[in-house]
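Below is one structure, written out as structure tokens; comments come after it.
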Amino acid sequence: MPTKIALPKGRLLRKTAALLQKADWGLDEYHSKLSFYHPKSQKFPELGIKVLHERDIPIQVAVGNYDLGICSLDWLEELMVKYPSSALVRVNTLPYGRYGLYVVASRSQAVSTVEEVKALPGKVRIASEYPNLAESFALKNRLGWFSIFPVWGAAEGYPPENAELALVSARTAAEIAGWGMVPVSKVLDSNACLIANRNSWESSDLGEVVRSIGTLASIAGEPVPAQETAVPMAPGPRSIPEVTDESVRLALPDGHQQQPTVKLLDRAGIRLDDYPSETGNRRPSINVDGVSVKVIRPQDMPLQVANGNFDLAITGRDWLAEHLYQFPSSPVNKLLDLGFGKVRMVAVVSQQLAVDDAIGLRKLSGQWAVQLRIASEYIHIADKYARDKHLGRYRVIPTWGATEAFLPEDADVLIENTETGRTIARHNLKIIDTIFESTACLIGNTGTAMNTIKRQRIDTIVERLRTATEEA
């Protein structure tokens, strides 16, 4: 069988493309404006290449879907710290993608060492998109009473109100200081690396591909353990807005939904300072008394509202549905449809698959001796769809993006959102079902008791946004 390699999208894409260009791979469709996940190599025409989200690459290489992969060491360690017997070999260290993983605290907490963290009263909450490494840090340092809050990103925004610590990636301590954080401990020095499936490494001839990339720091095969060292505290104060029992805590989205959110808030007479932020500020000021604002990932908002960390949030109906399918009794409700950010949640298959709807998919899967593979970022929506459509034996494959790349080799069906369907068609895929339509929405926690002043403030914000939406 031909060798298969997984290449990263996102932050490593540009430098990985430059590296492979120097290696004379002659890649097409692998560049910073990537919208195609199946590039070809002139140098290795038989090489199977896929472009995946970086976090998916160690998993896909470990299960044997790919022989080789390029990813950051942090995502390799995130997998290995929980599954140390995974069939992975770290082959080469690559000369780019350098940054560190730091445990950080808010500057307002006056905490800068692990010993000071251990002296904090009560539970130590750690927010991170690296939950396995965060738990490993807590256990190794004997923090005692702690809890890990997995988030999709923007973990630096959670301390001090919603967590005591965050485990984040940063290039320098100065970058951390710019977030209003102080580094408590460095958990890992990360960089790009070439990894291999252990079985492929031992039984297949991968030498020509590996040599073309370059032997920079050949590793014997065992993952390098994370090293925890203290780092100096970055000086300088940074104020955190005071939040009282009467304050309304509002979560706003980062990413591509920021501009339409700003337009809606402007129509409602709500002005924000430094949103979107060029400096990464996640606490913009607002011209409404008694309201504090924090910018986080829309994927995290339903759970954060359910946990009582926020009173209101602007997210997508897709992420609200994902949350409610997992936690049907959650106190989070949609308060208002905001109308922008419209996408369809769809079921997608390869053009080569002879089905046109869910009924055809059910009939086809009933003829297969193996489980139907359903890939999605929305694992609970995917699970519910498979059950509602009686798709028989199936398994859901969690992904972190670039889901179109999984078909047809690594999955049979995608549950994905799409605005126009053009990206799906470009990848030789077709939509066989629309599950629901999603737009941005305002959500709130309906199960939280609150005082009269806070309730009035929430009602005022909801009505101002309702009027602004109707005027759009």
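Would segment 69-79 turn up any residue that is surrounded by fewer than 19 Cβ atoms within 10 Å (Cβ to Cβ) and not aromatic (Phe, Trp, Tyr)?
No: segment 69-79 contains no residue that is surrounded by fewer than 19 Cβ atoms within 10 Å (Cβ to Cβ) and not aromatic (Phe, Trp, Tyr).
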Lone unmet requirement of (1) of a type outside the set (Lys, Arg); (2) farther than 15 Å from residue 191 by Cβ; (3) at pLDDT 95 or above for residue 75 = (2)
Being in contact with a Cys (Cβ under 8 Å, 6 or more places away or on another chain) and either within 24 Å of residue 204 (Cα to Cα) or not assigned by TED's automatic domain parsing to the domain that holds residue 197 (or both) narrows it down to one of 2, 39, 8, 45, so name that one.
-> 8
Can you run down the residue pairs with Cβ atoms below 8 Å, 6 or more apart or on separate chains, where the first is in segment 314-328 and at positive phi and the partner is of a type in the set (Val, Ile, Thr)?
-> none
Tell me, which strands (runs of 3 or more DSSP E) wholly within segment 1-106 include 1 or more residues that are of a type in the set (D, E, K, R)?
-> 4-8, 48-52, 88-93
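Matching residues to (1) in a strand (DSSP E or B); (2) out of contact with any Ser or Thr (no Cβ under 7 Å at 6 or more places or on another chain):
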| site | (1), (2) |
| --- | --- |
| 384 | no, yes |
| 387 | no, yes |
| 392 | no, no |
| 396 | yes, no |
| 401 | no, yes |
| 404 | no, no |
| 409 | no, yes |
| 416 | yes, no |
| 424 | no, no |
Answer yes or no: is there a residue in segment 139-153 that is under 25 Å from the mean Cα position of the chain (by Cα), surrounded by fewer than 20 Cβ atoms within 10 Å (Cβ to Cβ) and part of a helix (DSSP H, G or I).
-> yes
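A quick yes/no check of all residues on (1) out of contact with any Asp or Glu (no Cβ under 7 Å at 6 or more places or on another chain); (2) among the hydroxyl-bearing types (Ser, Thr, Tyr); (3) on the phi > 0 side of the Ramachandran plot:
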{"site": "39", "(1), (2), (3)": "no, no, no"}
{"site": "65", "(1), (2), (3)": "no, no, no"}
{"site": "74", "(1), (2), (3)": "yes, no, no"}
{"site": "93", "(1), (2), (3)": "yes, yes, no"}
Assess whether residue 87 counts as being touching a strand residue (DSSP E or B) at 6+ places or on another chain (Cβ under 9 Å) and surrounded by fewer than 21 Cβ atoms within 10 Å (Cβ to Cβ).
-> yes
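The values are calculated or read from the model by the stated rules, or taken from the named source; none is laboratory data. These numbers were taken from a predicted model, which means no experiment stands behind them. Virtual Cβ from ideal backbone geometry, glycine too; neighbours counted across all protein chains shown.
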